[in-house]
Amino acid sequence: MRLTVLALAASSLALSAQVPQPPTGNAAVSAALESIKRENAWTLQQQVSICEIPAPPFKEQVRGQEIVRRFKEHGLQNVRVDAEGNVIGERPGSGNGPTVVLSGHLDTVFPEGTDVKVKLEGGRYRGPGIGDDCRGLATILAVARAMKAANVTYPGKVLFVATVGEEGPGNLRGVRHFFQNPPEKIDFFISVDGTGLGLTTGAVGSHRYLVQFQGPGGHSYGAFGMPNPIHAMGRAIAKVSDFQVPRSPRTTFNVGIVTGGTSVNTISPLGAMEVDLRSESPEELLAVDTKLKNAVQQAVDEENARAPDHPGKVTVKWIDMGIRPAVLVNNESFVARAALAAGKALGFTAETGASSTDANYPMSLGIPSITIDGGGIGRGAHSIAESYEDGPEGWKGPQWALLTTVTLAGLGRTAGVVP
């Protein structure tokens, strides 16, 4: 593994000596960009129709099968579904250039049974998941369609991927599986996730835990004095609320859900809390994780010390709900500069930052990776009131995805010195 990381680092250093030049003068690329703008209504129709296919966590199969059909319809080759449920299609080039993945995620955060009918109200589309990530899926379909229509060619190869399990409970299971079982060497990874024209060049890592405080329990009066799991949990939450974390790199903590208890006059045998820790820095994420574990143990020790002679003790059980790696923002990487240059060529300057997306995992492996937005204006992500407006230039999102992809696939690379 260390040799692989060193090789990736050397490759990245070599790329840093090159200046990405988007191939806007290429006739086929120009035709594809114009096609995306001209066929913008088609992209919106894709977005709406995809969104009306339910894809709750771990149940993305029906939407995935429809993406299989659409991948084939728009000329992708060797379309298949892998063992985890990711849909993969290929658009080969000459074969002597980089392999680029262009990806969106299939799943939503909404439970089975959610009404996913999309409503159009005064130019605003309303529907759960309409932006996150139906916009991303529509974007990669628009890119595949435009490439086929204009017969875009490039030295490398493009893999179009629709992943499962990007959202919280999925814990990036789709992209993890893809990179743990790669179909070939992947040189660049682009995730299209959400709306706007922002660029993610760093990974907000997260550690999520279900922490269970357990004890024998008993009657609130008759068994009074025994250590109380819910009291121990309360002590822990109080300690967590006093954590001091840095503003930069941004680091956060939250106790989001607490459960436990059977009645007001019962010492509960169980109290549980769900905790979310996040940071852009791997070191700070580990530091706040250590603080949490120390706080929980101190709380348990203090509660048990309150009744040292009682045979019943509070114990704690940790259940890992998901670990996402953190990677610091890097706007100077070749892949980031390629996306920024493509945006500039299209007339906008993308804001950069860190987020929690499918790109977290390949970033942590040292594979040059970014997440780009899909254009338009989104509101209320992860809520049933989620909405999308195309705005005056929503089509620039799919154009950006196409231009960045072909740049990375070898059409836009020229030797030079980093400015």
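Of all residues being of a type in the set (Ser, Thr, Tyr) and assigned to a loop (DSSP other than H, G, I, E, B) in segment 120-157, which is surrounded by the most Cβ atoms within 10 Å (Cβ to Cβ)? Just the residue, please. Let's see the steps before the verdict.
Of segment 120-157, the ones of a type in the set (Ser, Thr, Tyr) are 125, 139, 153-154.
With the extra rule that they be assigned to a loop (DSSP other than H, G, I, E, B), the set shrinks to 153-154.
Details: Thr153: 16, Tyr154: 26.
Out of the qualifying residues, it is Tyr154.
Scanning segment 60-103 for residues that are more than 25 Å from Pro368 (Cβ to Cβ), of a type in the set (Lys, Arg) and buried (at least 17 other Cβ atoms within 10 Å of the Cβ) gives Arg63, Arg70.
Remark: Asp107 falls outside the filter, which requires a residue to be under 21 Å from the mean Cα position of the chain (by Cα), within 15 Å of Gly378 (Cα to Cα) and buried (at least 17 other Cβ atoms within 10 Å of the Cβ).
Out of curiosity, is Gly322 modelled with pLDDT under 95, touching a helix residue (DSSP H, G or I) at 6+ places or on another chain (Cβ under 9 Å) and at positive phi? Break it down into steps so the answer makes sense when it comes.
Numbers: modelled with pLDDT under 95: yes; touching a helix residue (DSSP H, G or I) at 6+ places or on another chain (Cβ under 9 Å): yes; at positive phi: yes.
Judged against the criteria, Gly322 is a match.
Residues that are assigned to a helix (DSSP H, G or I), surrounded by 18 or more Cβ atoms within 10 Å (Cβ to Cβ) and not aliphatic (A, V, I, L, M) within segment 19-39 comprise just one, Ser35. Within segment 327-348, the set of residues being closer than 27 Å to Arg278 by Cα and either in a helix (DSSP H, G or I) or in contact with a helix residue (DSSP H, G or I) (Cβ under 6 Å, 6 or more places away or on another chain) (or both) comprises Val327, Phe334, Val335, Ala336, Arg337, Ala339, Leu340. For beta carbons closer than 7 Å, sequence separation of 6+ or different chains, a first residue in segment 150-174 that is in the same structural domain as Phe188 (by TED's automatic domain parsing) and a second that is among the acidic types (Asp, Glu) and assigned to a strand (DSSP E or B), the qualifying pairs are Lys157/Glu90; Leu159/Glu90. Whether any residue in segment 110-119 is buried (at least 22 other Cβ atoms within 10 Å of the Cβ) and either under 25 Å from Gly375 (Cα atoms) or of a type in the set (Lys, Arg) (or both) is what I want to check. So far as segment 110-119 goes, no, none of its residues is buried (at least 22 other Cβ atoms within 10 Å of the Cβ) and either under 25 Å from Gly375 (Cα atoms) or of a type in the set (Lys, Arg) (or both). Among strands (runs of 3 or more DSSP E) entirely within segment 349-419, having at least 2 residues that are at pLDDT 95 or above singles out 351-355, 369-372, 377-379, 387-389.
The values are calculated or read from the model by the stated rules, or taken from the named source; none is laboratory data. Note that the structure is predicted; figures quoted are calculated from it, not measured. Glycine gets a Cβ as well: all are built from the backbone with ideal geometry, and neighbour counts include every protein chain shown.
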